Amino acid sequence: MVQLLLIGIGAGVTSALLFATLATGQAFAVGLFYLTPLPIVLAGIAWNHVAAAVAALTAAVLVGSFLGFWFVVTFLIGIGIPAYVLSYLALLARDDGNGQLEWYPPGRIVVASALIAATATSLTIPAFGTDAEGYRGALKVAFERVLRAQTGTAADQPLVLPGARDTASVLELLVIVMPPAAALLSMVTMLANVWLAGKVALMSGRLTRPWPDLTAIRFPPLASMALALAVAGTFLPGVFGIAAGFFTATLILAFSILGLSVIHGASRAFPGRFFILTGVWLSIFTIGWPLLFVAVMGLIDTIVDIRARYAARSNLPTNRPPNE
């Protein structure tokens, strides 16, 4: 137990230092800031959840001691608790009844990351307003302050953005786009740190679970229902509709990840697999919107096992985990 406490404290100090690099204002600090969850997740995956909990609390207390109490809450909601939960799920296992361990499926970890990121982002809403108009108004003021600082525009001068004819429309667009984008960024950051922590633990020989086949991930049936409820929730009035938009965005990204897994798995049956995957990834990175079609493919896969069908045609293994 003493060893776990020391590891957790050390990981928490490292996480707090990574968080603090953002204050330097250097370009490289942004990349280091996104690695803030890594020491916490690594402590959880390479040791256990107790070390991760100690790391999250240590980092939150250190950050709060310099920046104020509210940063303790902010750090825990946005970084500490999500990192702890995902590292805990990564090592969650049960006996299958035959003396073998069934590890928590990676597909469910992806879904959990979507729900956690959306929840964490939703909890920031009261900091800006308790109703939709107040929330959007406060965000608009915040974005305007940032843009004025970046452009060097004084508070008593009209804000003019280079290349933009209507500054008010730009601000309105930011108010609509940026909150869901923050939820998506949180989800991607968490998943990337879980993957990186798992790789580090694997190379160091401290990963107790086998490395999962990421081309064989699957979602539980309730994931499709959660997406449907989130989409329906966007029609609700007030902050409930705004929060539902966060869940819709992160769940669509989750199904996009599932769709990419389907493409990578099913394409094994085709001789031109390299060109198929290259075309898919290039289209996503260059124009973006094909990712929606990938998400639809992931949604279809929860109903029709696409990879199993193509595997049956080519006599390839389905790689279907028994507990997904």
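Each value in this text was obtained by applying a stated rule to the coordinates, not by laboratory testing. Computed from a predicted model, the values in this text were never measured in an experiment. So basically every Cβ, Gly included, is an ideal-geometry build from the backbone, and we count neighbours across all protein chains shown.
General remarks:
- Based on C-alpha pairs under 8 angstrom that are at least 6 apart in sequence, segment 224-278 has a relative contact order of 23 percent.
- The mean sequence distance of close C-alpha pairs (under 8 Å, at least 6 residues apart), as a share of the length of segment 1-91, puts its relative contact order at 33 percent.
- The listed peptides 39-49, 103-113, ordered by packing as a protection proxy, come out as 39-49, 103-113 (highest mean of other Cβ atoms within 10 Å first).
- Residue-averaged 222 nm ellipticity for the chain, from DSSP H runs of 4+ at -39500 (n - 2.57), nearest 500: -23000 deg cm²/dmol
- GNM top mover of T167, T208, T36 - the chain, alpha-carbon springs below 10 Å: T167
- Length-normalised contact order for the chain - Cα pairs under 8 Å, 6+ apart - percent: 17 percent
- Each Lys and Arg Cβ is given +1 and each Asp and Glu Cβ -1; about its Cα centre, the chain then shows a dipole of about 680 debye.
- Of (i) 1.00; (ii) 1.02; (iii) 0.95, the label for Rg/Rh (Cα atoms, Kirkwood Rh) derived from the coordinates: (i)
- Simple rule: put +1 on each Lys or Arg Cβ and -1 on each Asp or Glu Cβ in segment 123-207, find the dipole, and look at L191, L123, F143; the Cα lying farthest toward the positive end is L191.
- Gaussian network model of the chain, Cα within-10 Å springs - most flexible of L277, L115, L214: L277
- With the highest mean first, a sort of the peptides 94-101, 216-223 on other beta-carbon atoms found within 10 angstrom per residue produces 216-223, 94-101.
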